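*Asks:* Below you'll find the structure I mean.
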Amino acid sequence: MKPVIDLAGKKVLVVGLARTGIATALFCAERGARVMATEERTEAQLPECAAKLRAAGVQLEMGGHRAETFAEQDLIVPSPGVSPLMPALAAARAVGVPVWSEIELAWRFLRGRLICITGSNGKTTTTSLIGHILETAGLPVQVAGNIGTPLISRVDISSDTSFTVVEASSFQLELISAFRPDIGVLLNVTADHLDRHGSIEAYGAAKARMFENQTERDAAVVNADDAVAPRYAPDVPRVFWFSREKHVASGCYVRGEEVVFRCDGAESVLLERKLIGLRGRHNLENVLAAAAAAKLAGVEPAAIAEGVRTFAGVEHRIEYVATISGVEYFNDSKATNVDATIKALDAFPGNVLVILGGKDKGSDFRILRQPLRSQARMALLIGDAADKIEAELAGVVPVERAGTLARAVEIASGRARMGDTVLLAPACASFDQFDNYEHRGRVFKQLVRELEKKNAA
């Protein structure tokens with residue numbers, strides 16, 4: 001049984017009014033809580049949001065946070081972008097105030113079975129693919145979480161027979177309490193968000209919290225090929241591995257041209273590799289993880305194969321944009337860390353002009369030296385991290401400081417030759433010049449389409 005919380009009459013503080021914070025405040029208000037939302041931005045900066053929350057009975061504390069407000073609550077729910085080390089949060093915890101992430105609160109009200117996916121890279125593709133496979137199989141399913149729709153917004157449409165597939169970030173998992181997925185999927189652990197977590201060990205431990213409340217009835221799906229993820233395989237739930245490199249005793253692996261699932265000594269062929277339309281070896285891993293999770297959810301092999309075959313991919317993930325004068329343009333704006341950029345480069349045979357840069361997250365860009373040397377013709381640098389990237393990539397490939405994305409596309413179009421690929425795979429966050437990685441990707445695609453029209457004229 002899930003631990004129940006009755007929100008009626010409870011004093012609930014929501015910290016941060018981005019998409020998740022707004023959804024959480026409205027959810028709690030609808031259930032009779034006395035909700036206050038605190039936000040660093042002023043009401044003048046968020047007039048529509050403020051009006052909507054006030055209409056729902058939410059009190060607002062705008063333009064900064066008051067430490068006294070935090071200590072007076074029955075429950076605090078910070079938005080994912082709010083650090084748990086924030087002094088006011090730490091002080092509230094010290095006096096016994098529960099501090100939960102939004103997915104913890106949502107899970108306590110959610111009905112049906114939950115599949116949770118986390119990892120440094122591939123989360124959105126794998127989450128979307130699992131949702132698509134379950135939908136193909138005719139099962140009631142909804143997709144939520146870090147993928148774009150807060151989990152708490154899906155509670156009311158969940159049912160006892162439905163599946164919810166949720167993408168969870170380390171920011172969301174580090175503040176869970178009893179959160180327990182029926183199936184937890186750990187894709188990989190590579191250096192990311194070190195500016196927040198401090199070390200890859202702390203970052204990996206935050207992700208591994210997904211497994212800590214699972215029971216023997218639950219399942220954990222873990223990447224056997226990853227250098228770090230196996231360290232976080234749990235002891236209590238049964239572990240099912242996935243691997244593109246070796247056979248596994250329990251889980252999903254590649255055998256010749258087939259994807260096979262093995263459990264208790266019995267094997268079943270789930271699909272043929274030729275059905276996988278996604279580029280790159282990393283996407284083969286994502287398919288293996290999704291296929292394993294779907295099989296554990298009870299989906300038959302034929303439906304898994306059909307779901308993989310008909311999956312079109314996800315926007316901003318090695319997304320084909322156009323071919324102009326024999327040059328292909330791809331948008332991988334979701335490559336917000338170094339490992340994601342390496343995987344993107346690996347998806348192409350070479351001759352890549354790659355656009356790098358943005359807001360640094362404490363990354364070591366020297367790791368890109370060998371992949372760039374073997375795959376890239378040049379690197380075009382944008383954003384705040386350009387100085388650091390240029391210094392750490394010195395002498396590997398020709399580097400040009402473009403400054404802006406528009407200028408990078410312009411330079412790339414002039415330097416690219418027939419058969420080349422222009423790839424946006426920044427290895428950085430987007431917040432120095434864009435609202436988010438989606439905004440960055442949309443701008444890139446618009447720039448490429450404008451270039452396409454110009455060349456067609």
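*Asks:* In terms of the Cα gyration tensor, with a ≥ b ≥ c the square roots of its eigenvalues, is segment 372-457 rounded because a/c is under 1.5, prolate because a/b exceeds b/c, or oblate?
*Replies:* oblate
*Asks:* What shape does segment 66-202 have by the C-alpha gyration tensor, where a ≥ b ≥ c are the square roots of the eigenvalues, rounded means a/c under 1.5, and otherwise prolate means a/b greater than b/c and oblate the rest?
*Replies:* The shape class here is oblate.
*Asks:* Determine ³J(HN,Hα), in whole Hz, for all residues of segment 375-383 in sequence, where each value follows from phi through the Karplus function 6.51 cos²θ - 1.76 cosθ + 1.60 and θ = phi - 60°; x replaces Gly and Pro.
*Replies:* Once θ is set to phi - 60°, the couplings for segment 375-383 become 10, 10, 8, 6, 10, 10, 9, 10, x Hz.
*Asks:* Taking θ as phi - 60°, what are the ³J(HN,Hα) couplings along segment 79-85 by the Karplus curve (6.51, -1.76, 1.60), each to the nearest whole Hz, with x for Gly and Pro?
*Replies:* 3J(HN,Hα) across segment 79-85, in whole Hz: 5, x, x, 8, 5, x, 8.
*Asks:* Same structure, new question: What does DSSP give for the chain in terms of the percent of beta bridges that are antiparallel, rounded to the nearest 5?
*Replies:* Antiparallel: roughly 25 percent of the beta bridges in the chain.
*Asks:* Measure up 11/207; 2/295; 207/361 against 19 Å on the Cα-Cα distance and list the ones that go over.
*Replies:* 11/207; 2/295
*Asks:* Of all GluC sites (Glu not before Pro) in segment 244-284, which ones are in loop regions per DSSP and have a Cβ with at most 11 other Cβ atoms within 10 Å?
*Replies:* Counting only loop positions with at most 11 other Cβ atoms within 10 Å, the GluC sites (Glu not before Pro) in segment 244-284 are 245, 257.
*Asks:* Counting only trypsin sites (Lys or Arg not before Pro) that sit in a DSSP loop (anything but H, G, I, E, B) with at most 12 other Cβ atoms within 10 Å, what is the longest stretch of the chain containing none of them?
*Replies:* Looking at the chain, 247-416 is the longest stretch - no exposed trypsin sites (Lys or Arg not before Pro) with at most 12 other Cβ atoms within 10 Å.
*Asks:* Once R0 is set to 41 Å, what does the formula 1/(1 + (r/R0)^6) return for the Cβ-Cβ distance between residue 374 and residue 42, expressed as a FRET efficiency to the nearest 0.05?
*Replies:* Calculated transfer efficiency: 0.25.
*Asks:* Quick one: work out Rg over Rh on the C-alpha atoms of the chain, Rh as Kirkwood radius.
*Replies:* Value, to two decimals: 0.98.
*Asks:* Beyond 20 Å between alpha-carbons counts as too far, so tell me which of 334/445; 52/123; 334/454; 123/388 fall in that bin.
*Replies:* 52/123; 334/454; 123/388
*Asks:* By its C-alpha gyration tensor, with a ≥ b ≥ c as the square roots of the eigenvalues, how is segment 286-354 shaped: rounded for a/c under 1.5, else prolate for a/b larger than b/c, else oblate?
*Replies:* Prolate is the answer for segment 286-354, as a/c is 1.5 or above and a/b outweighs b/c.
*Asks:* Another question about this same structure. Quick one: with all protein chains in place, what share of the accessible area of segment 1-95 is carbon or sulfur, to the nearest percent (1.4 Å probe)?
*Replies:* 55 percent
*Asks:* With a 1.4 Å probe and all protein chains left in place, how much of the accessible area of segment 327-456 comes from carbon and sulfur atoms, in whole percent?
*Replies:* Here it works out to 47 percent.
*Asks:* Using the Karplus equation 6.51 cos²θ - 1.76 cosθ + 1.60 (θ = phi - 60°), what ³J(HN,Hα) coupling, rounded to whole Hz, does each residue of segment 93-101 give in order, writing x for Gly and Pro?
*Replies:* Listing the rounded values in order: 4, 5, 9, x, 7, x, 10, 10, 6 Hz.
*Asks:* Amide H of residue 355: which non-local residues (sequence gap of 5 or more, or other chain) have their own amide H closer than 5 Å, using H built in the peptide plane?
*Replies:* 380, 423, 424, 425
*Asks:* With just the Cα atoms defining each centre, how far is segment 253-322 from segment 342-415? Give it in Å.
*Replies:* 31 Å
*Asks:* Determine the calculated [θ] at 222 nm for the chain from helices alone, applying -39500 (n - 2.57) to every DSSP H run no shorter than 4 residues and normalising by the residue count; nearest 500 deg cm²/dmol.
*Replies:* Mean residue ellipticity, 222 nm, calculated: -9500 deg cm²/dmol.
*Asks:* Express the accessible area of the chain per residue in Å², computed with a 1.4 Å probe while the remaining protein chains stay in the model.
*Replies:* Computed with neighbouring chains in place, this is 40 Å² per residue.
The values are calculated or read from the model by the stated rules, or taken from the named source; none is laboratory data. For clarity, every value in this text was computed on a predicted model and none was experimentally measured. Glycine also receives a Cβ, built like all others from the backbone with ideal geometry; neighbour counts cover every protein chain displayed. For the accessible areas, the whole protein counts, side chains as well, though only heavy atoms, and no ligand, DNA or RNA atoms are used. Shrake-Rupley method; radii C 1.70, N 1.55, O 1.52, S 1.80 Å.
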